[in-house]
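Engineer: Questions regarding the structure given below will be posed in turn.
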Amino acid sequence: MDLPRSFTIRESGHRIHNPFTSEKLALLGRALSPAPGTRLLDLACGSGEMLCTWARDHGVTGTGVDISTVFLANARARAEELGVGDRVGFVHADASGHVADEPVGLAACVGATWIGGGVAGTVELLRRSLAPGGIMLVGEPFWRREPLDRATVEGCHATDKDDFLPLPELVEEFGRLGCDVVEMVLADQDSWDRYAAAQWLATRRWLDAHPDDELAEEMRADLAAAPARHVRHQREYLGWGVFALMNR
Ligand SMILES: C[S@@+](CC[C@H](N)C(=O)[O-])C[C@H]1O[C@@H](n2cnc3c(N)ncnc32)[C@H](O)[C@@H]1O
């Protein structure tokens, strides 16, 4: 069980595997301002940047769960680098169905709601780990503009227009799931560029260093198509944000 290597090649330079910059991640932390000692469960934690920086900045403790051995190695190294290795831990596991041993004050799934079969299932999953009065964090794409054709839907890595909602409908959906939306920080087009465009340089450098790798042809085709796909489709049509939710 591991993330396909093409992902870890493209995102080898990323600490945050979503369209947030470190400033936006820090802004979300300041907006929530968790009390020191708050436990954070981060499902599909990637390289653990949220856990590690919030442990440093706010004194949270907690656990990240992810299937990527490469990202988890990054996370453990980052925890040591920031001096928070005694406060955070990382588990290599499928996060679908993962519930904390003890209830947590913050339960997160940022950019991987497929682990719960969608937003509703992910909210249900996070709820199972949540202490009374705790906050769930859900990172999710939404349509900034209505996609008008199939090419746009596919260019945004969706299989169907209904895979994502427009922002107002997404916020209303959280309400239907019995949640108050208590905070949110949204990506913008520039922060999308940091997520998407940084993958192009990482891919090009990897191709130059590994011309004979079995993935070289696939990664070359990916690099040839990705920039135009991003500016034509993703950058214009797809929004993304992290929504902080509390049970009503
Ligand atoms: C878009 S990235 C988001 C990572 C992290 N939350 C962040 O924002 O930096 C999606 C992550 O989901 C992880 N992932 C995918 N399927 C998973 C699963 N079934 N269980 C746990 N992690 C999973 C991937 O390895 C990857 O790290």
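Rule-based calculations on the coordinates, nothing more; no lab input. Predicted, not measured: the structure shown is a model, and the values here were computed from it. Heads up, the Cβs are rebuilt from the backbone with ideal geometry, glycines too, and the neighbour counts pull from every protein chain shown.
Engineer: Could you list I9, I135 in order of exposure, starting from the residue whose Cβ has the fewest other Cβ atoms within 10 Å?
Structural biologist: I9, I135
Engineer: Give me the net charge for the shell around L238: Cβ to Cβ below 10 angstrom, other residues only, Lys and Arg +1, Asp and Glu -1.
Structural biologist: +2
Engineer: In the stretch 5-247, what % of DSSP beta bridges are antiparallel (nearest 5)?
Structural biologist: Here the share of antiparallel DSSP bridges comes out near 40 percent.
Engineer: Calculate the length of the line joining the C-alpha centroid of the stretch 180-248 to that of the stretch 138-170, in whole Å.
Structural biologist: 15 Å
Engineer: Considering only the other residues whose Cβ falls under 12 Å of the Cβ of V84, what net charge follows from Lys and Arg at +1 and Asp and Glu at -1?
Structural biologist: -1
Engineer: Scan around E183 for amide H atoms under 5 Å from its own, H built in the peptide plane at 1.01 Å from N, and keep only partners 5 or more places away or cross-chain.
Structural biologist: A244
Engineer: Of F7, A221, Q234, whose Cα points farthest to the positive end of the dipole of the chain (charges on the beta-carbon: +1 Lys, Arg; -1 Asp, Glu; origin at the Cα centre)?
Structural biologist: Of F7, A221, Q234, it is Q234.
Engineer: OK, next. If we sort 40-48, 90-98 on the protection proxy, mean other Cβ atoms within 10 Å, highest first, what's the order?
Structural biologist: Per-residue Cβ counts within 10 Å, averaged per peptide and sorted highest first, yield 40-48, 90-98.
Engineer: If you project the alpha carbons of the stretch 5-247 onto the principal axes, what extent comes out on each, in Å, largest first?
Structural biologist: 50, 41, 30
Engineer: While we're looking at this one, here's another question. Search the structure for amide H atoms under 5 Å from the amide H of R39, placed 1.01 Å from N in the peptide plane, and list their residues when 5 or more places away or on another chain.
Structural biologist: Correct list: T61, G105, L106.
Engineer: Now for a different question. Just want the answer: with Cβ charges of +1 for Lys and Arg and -1 for Asp and Glu, which residue in W206, S33, A187 is farthest toward the dipole's positive end in the chain?
Structural biologist: The residue sitting farthest along the positive end of the dipole is S33.
Engineer: Another question, if that's okay. Can you sort D163, D208 so the residue with the fewest Cβ neighbours within 10 Å comes first?
Structural biologist: The most exposed by this proxy come first: D208, D163.
Engineer: Still on this structure: What is the extension gain from R128 to W114, computed as 0.36 nm multiplied by their sequence separation minus the C-alpha to C-alpha distance, in nm to one decimal?
Structural biologist: Separation in residues times 0.36 nm, less the Cα-Cα distance, equals 3.4 nm.
Engineer: Can you put F20, F7, F243 in order, fewest other beta carbons within 10 Å first?
Structural biologist: F7, F243, F20
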